[in-house]
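The values are calculated or read from the model by the stated rules, or taken from the named source; none is laboratory data. These numbers come from a predicted model, not from an experiment. Neighbour counts run over all protein chains shown; Cβ positions are idealised from the backbone, glycine included. When the accessible area is computed, the model is the full protein with side chains, heavy atoms only, and any ligands, DNA or RNA have been set aside. Shrake-Rupley method; radii C 1.70, N 1.55, O 1.52, S 1.80 Å.
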Amino acid sequence: DQDWADKLIHCLVDAKNEVETYVAKGEKYLPTLRVLYYKNRYSRILRNGITEIPVLEVEPGSSKQHKIKNLHDRLVKYKKETLLYIDDFRVPFDNNLAERDFRMNKCKQKISGCFRSFKGAEIFCRIRSYILSGRKNSMNPIQTLTDLFNNKPFMPSDCA
């Protein structure tokens, strides 16, 4: 129910759509003036939005803030990271892929209760990471593991 949040969502999605248009045209960068436009728009929305954030009634000396204020503060502090996708087209708009990668670890932890040892968790994460790296490079997970055991490990092109 915060007007500034709605405006910020529109700003971020507008920038995402413009980046996608430039990517579709084969461009590598957004023009500098467009980048500045979105960065200034982002800052202006946050600057104007601070007045809408509710203040919590807390005891004197307490540092507790409303969760909306915490979000606002993080958006101000991490502006560069939040808008990185308009500066570098290799950076995705969202972090869904990273969340999906991590979700399996949480699922395993919930189903079995926990990992039996730290070493077991390390092994699970290492194997999972290897399989996901192959998958992100359009490799079949079974083939990736088969190649590994046949002494032909997959090496991403950036590491080779």
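The residues on offer are 105, 48, 96, and the sole one that is open to solvent by 60 Å² or more (accessible area, probe 1.4 Å) and at pLDDT below 70 is 96. I'd like to check something: does segment 73-81 contain any residue that is free of Cβ contacts under 8 Å to residues at least 60 places away in the same chain, surrounded by 13 or more Cβ atoms within 10 Å (Cβ to Cβ) and not aliphatic (A, V, I, L, M)? Yes, segment 73-81 contains a residue that is free of Cβ contacts under 8 Å to residues at least 60 places away in the same chain, surrounded by 13 or more Cβ atoms within 10 Å (Cβ to Cβ) and not aliphatic (A, V, I, L, M).
Annotation note: of 40, 17, the sole residue that is in a helix (DSSP H, G or I) and open to solvent by less than 80 Å² (accessible area, probe 1.4 Å) is 17.
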